[in-house]
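The values are calculated or read from the model by the stated rules, or taken from the named source; none is laboratory data. Treat the numbers as computed from the prediction; the structure is a model and nothing was measured. Positions of Cβ are generated from backbone atoms using ideal geometry, with glycine treated the same way; all protein chains shown enter the neighbour counts.
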Amino acid sequence: MNELVFFINNVIVAGSVTGSIYAIGAIGVTLVFSIMRFAHFAHADMMTFGAFMVLLLTLAFPGVGSVVGLPTPVVMLPLAIVLTSLLAVGIDKAFYKPLRAHGVKPIVMVIGSLGVTLMLQGLIRLFAGTSAQNLYLGGERKEIYRLELPFELATRPVIVTEPQVILFVLTIACVVGLHLFLSRTRLGKAMRAMSDNPDLARASGINTNHIVAVTWVIAGGLAATAGTLLSLDVTFKPDLSFFLLLPIFAAAIVGGVGHPYGAIAGGFVVGFAETLAVFNWSVLLRPIAHHFPEWLELPRNLAFVGTEYKIVVPFFILVAILVWRPTGIFKGKVI
Amino acid sequence: MSTQQPSEQRADSVAAPSRFPLREVVLFTALLAVVLGVYAMMGTAYSTRMLVEASCYAILALGLTIQWGYAGQFNAGVMGFVALGGFCAMLFSVPVNDAFWGTELPGELGRVLLYGAAAAMLVYGATKLDRLGVPKKLRTVIAVALAVVLYLVVISLLRGVTGEIQSRAGFIGGLGLPAWTGWLVGGALAGGIGYFIGKICLGLRSDYLAIATLGIAEIIKAFLKNSDWLTRGTATVSPLPWPTPGPSELGFTLARALYLSVTALMIAVIFFLLHRAYHAPWGRMIRAIRDNEISAAAMGKDINRRRLEIFVLGCILMGIGGGALASFNSIFDPNGYLPLNHTFLVLVMVILGGPGNNLGTIFGAVAVYIIWIMSEPLALFVMQLAVSVGEGAFGWEPPSNLDSRALQARVFVIGLLITLVLRFAPQGLLPEKVKHHG
């Protein structure tokens, strides 16, 4: 039974955590893709930027969290979301809008977004340094919940930490909020119309500039949320973006580009695939090892890939989906 | 054949063939003056080293200008192909490791690799089971299950052998061959990976190619960094022998000058071949595909095949350039391959110099590399200045890791440069000359 608990801790919990983060990130990428028709590479750095804002705010106002009863970084998250949204809109005004006005090919926009990536990275590293930092400052620490299972054989508890609980709650809130926004509000419907057919949307009187700005606000806010939650769960590192880009894009493409609900599913597919691939399967096989024939010796490490090769997993998924079903599992439209 | 009159010649035809190349002459004279200035200031040994590195980067930039300038494909993973080239240069040129070859370990490794090949063939055979009347769904299930099980078996065998190699022999060592064999094989290997990526992505939107190449570059780096049995990982391999007599025999300046002549010869050959290809029907076809894919397809051109051809060609050049760079630095350090230094710097060289214009690309490579090298002391100086002002005026205490932070400012500058060039000079300093025959 302990093996099962081990499996739950290392695959179910860890997979949901990474899956949620990838899902929130991928929603932003896929929204930008469906409205502006280009792969926004600076998204992962907007995530880092959001987390950095939270770090700065937590440094500036320590101890606010204890008043509310939440960790200070979580209390600072709304402010960071606002700041990151402003940054996203500003970046669009300064760098992407002139390119769009020139009518460049989408791939030039992609290169432009890579330039923005480097600028953000340079700024963050200039001010934050290059080392990893913990978001829990000034005596706050992560609460760890140990859930005992009501079975006799399970002696080890299922472990969930406080940021992980907050992560799950916020992910559900984001998804439900986004769903309501896209399906019920006028603005959300206008966004979907523009993603379906920009010319028709413009012809029917939708202010496309307005929609673009709203998209950036949403993308920036989601990026700040995902980045902060990731940094809460592990630590804040200024250089995580290049490792986040591939899983996030893989998630967006698996779900079908331009498909917010697909991006959520894709995020969880990629997240679980990663944790399943690095999980050591011989732990689960060990209790039934005595049923195996003599000649079959169970190796100690039976993981598909080592944790250092984790990045291979999203790439493999990306390649597989591009070969077999380039439109994604939910039939995205832009190819 | 078009019947256009000369008066109707399109305004975007940049130059008549007989125009005096004023812009080229001015830019290259300025570049020469800068190079001479660096020689006067920093000494010959340092400056020659800078030029050799710049020439290696020029080979990389030529590879990228084929992909981006000729064909409009964006490769965001130059670093991966460069690292592959460097790895092959290391593997072929480093002396033979007797602690590995003298034992039974090569046989063991060969046996595991043979198992791997046999497993791959078994899985391939399983995917063809439907020819024997097995239902297609069942075949897919059998093939996937077989692939998972065989993969696990082979990977655990491989882990055993590589762990043994690592603990007993350190790493498998090199082959003791001349460095240029490694460069060529590195080019071939990079081309092979490029073929695999291109085959998957080139039929789709160009964004997918950027994502996939970005990913493969990180994977290649992760593989080289963590395969201690193959590359010694973070422990790095040095020294790598040069194809020319080394500094110990000739002194730094002369040895580096000799190396520079080798790389310059390589650039000259590549430049000549590319120039011929660009003006040949093949080059016209590539540009036609870039500029209007649909009409090129309507003319009966096999678009995806040509794209694959040119992508692989660019990757081969990157592999060769990466090999030359690693051999010159005389150290193989997988951690030293950074997206900034080996992808984005090359990108800036190409888009600043002039995508699609070989001469412009070489100019961009040398000019940007000089700026890049010179910006390091400049960034440190500016940072020191800011610190002294800050300490004097506000009593501000500077953070300790200031030097590493100052270098991050260069990341920002490169990013800004990319966006500004795309916005204000998308053609580069030496634009591609588009000829209109009519």
### Task
Within region B:352-386, work out how many residues are in contact with a Gly (Cβ under 6 Å, 6 or more places away or on another chain) and part of a helix (DSSP H, G or I).
6
### Summary
If we ask which residues in region A:207-220 are surrounded by 24 or more Cβ atoms within 10 Å (Cβ to Cβ) and either touching a Lys or Arg at 6+ places or on another chain (Cβ under 8 Å) or within 12 Å of A:Gly50 (Cα to Cα) (or both), their number turns out to be 2
### Message
Looking at (1) surrounded by 23 or more Cβ atoms within 10 Å (Cβ to Cβ); (2) away from chain B (no Cβ under 11 Å); (3) within 14 Å of the chain's Cα centre (by Cα), which one does A:Val234 not meet, given that it meets all the others?
### Response
(1)
### Summary
When A:Asn134 is run through (1) out of contact with any Asp or Glu (no Cβ under 9 Å at 6 or more places or on another chain); (2) within 14 Å of chain B (Cβ to nearest Cβ); (3) under 30 Å from B:Val387 (Cβ atoms), the failure sits at (2)
### Message
Whether any residue in region B:387-395 is surrounded by 14 or more Cβ atoms within 10 Å (Cβ to Cβ), at pLDDT 75 or above, more than 31 Å from the chain's Cα centre (by Cα) and in the same structural domain as B:Leu345 (by TED's automatic domain parsing) is what I want to check.
### Response
yes
### Close pairs from region A:244-259: first under 13 Å from A:Gly19 (Cα atoms), partner of a type in the set (S, T, N, Q) and assigned to a helix (DSSP H, G or I), Cβ under 6 Å, at least 6 apart
A:Ala252/A:Thr30
### Query
Just for helices (runs of 4 or more DSSP H) wholly inside region A:53-133: which have at least 3 residues that are buried (at least 21 other Cβ atoms within 10 Å of the Cβ)?
A:72-91, A:106-128
### Summary
Of (1) farther than 18 Å from B:Glu164 by Cα; (2) assigned to a helix (DSSP H, G or I); (3) in contact (Cβ under 8 Å) with a residue 24 or more places away in the chain, B:Asn75 fails just (2)
### Task
For region A:145-154, indicate whether the set of residues that are out of contact with any helix residue (DSSP H, G or I) (no Cβ under 8 Å at 6 or more places or on another chain), within 14 Å of chain B (Cβ to nearest Cβ) and outside any helix (DSSP H, G or I) is non-empty.
no
### Flag if B:Met285 is of a type outside the set (Val, Ile, Thr) and either buried (at least 23 other Cβ atoms within 10 Å of the Cβ) or not assigned by TED's automatic domain parsing to the domain that holds B:Ala71 (or both)
no
### Message
I need every pair where a residue in region B:222-234 that is in contact (Cβ under 8 Å) with a residue 12 or more places away in the chain has its Cβ under 9 Å from the Cβ of a residue that is part of a helix (DSSP H, G or I) and among the charged types (D, E, K, R), sequence separation at least 6 or different chains.
### Response
B:Lys225/A:Glu308; B:Trp229/B:Glu164; B:Thr231/B:Lys225; B:Gly233/B:Lys225; B:Thr234/B:Lys225; B:Thr234/B:Asp228
### Query
Is it fair to say A:Ala44 is assigned to a helix (DSSP H, G or I) and either in contact with a strand residue (DSSP E or B) (Cβ under 6 Å, 6 or more places away or on another chain) or of a type in the set (Asp, Glu) (or both)?
no
### Query
Pairs under 7 Å by beta carbon, first residue more than 9 Å from chain B (Cβ to nearest Cβ) in region A:87-99, partner among the aromatic types (Phe, Trp, Tyr), six or more apart or different chains?
A:Leu87/A:Phe49; A:Ala88/A:Trp216; A:Val89/A:Trp216; A:Asp92/A:Trp216
### Task
Please work out if B:Gly322 is at pLDDT below 90 and away from every other protein chain (no Cβ under 14 Å).
no
### Condition broken by B:Val94, with the remaining ones in (1) out of contact with any strand residue (DSSP E or B) (no Cβ under 8 Å at 6 or more places or on another chain); (2) crowded, with 19+ Cβ neighbours inside 10 Å; (3) not polar (S, T, N, Q) satisfied
(1)
### Message
For the structure I just gave you, tell me whether B:Leu340 is part of a helix (DSSP H, G or I), under 27 Å from A:Thr130 (Cα atoms), touching a residue at least 12 places away in the same chain (Cβ under 8 Å) and not aromatic (Phe, Trp, Tyr).
### Response
yes
### Message
When you scan region B:231-249, do you find a residue that is facing another protein chain (nearest Cβ under 9 Å) and either touching a strand residue (DSSP E or B) at 6+ places or on another chain (Cβ under 9 Å) or not aromatic (Phe, Trp, Tyr) (or both), even just one?
### Response
no
### Task
Could you grab the pairs with beta carbons closer than 8 Å, sequence gap of 6+ or different chains, first residue in region B:122-145 and of a type in the set (D, E, K, R), second one surrounded by fewer than 11 Cβ atoms within 10 Å (Cβ to Cβ)?
B:Asp130/B:Lys136
#### Entry: Of all residues making up region B:241-299, the number that are farther than 26 Å from B:Gly86 by Cβ and among the small types (Gly, Ala, Ser)
8
### Task
Run down B:Gly203, B:Gly170, B:Gly174, B:Gly215 and say which single residue is at pLDDT below 90, surrounded by 15 or more Cβ atoms within 10 Å (Cβ to Cβ) and at positive phi.
B:Gly170
### Matching residues in region B:230-250 - criterion: being surrounded by fewer than 16 Cβ atoms within 10 Å (Cβ to Cβ) and among the hydrophobic types (A, V, I, L, M, F, W, C)
B:Ala235, B:Leu250
### Task
Assess whether A:Ala223 counts as being within 18 Å of A:Ala263 (Cβ to Cβ) and either assigned to a helix (DSSP H, G or I) or in contact with an Asp or Glu (Cβ under 7 Å, 6 or more places away or on another chain) (or both).
yes
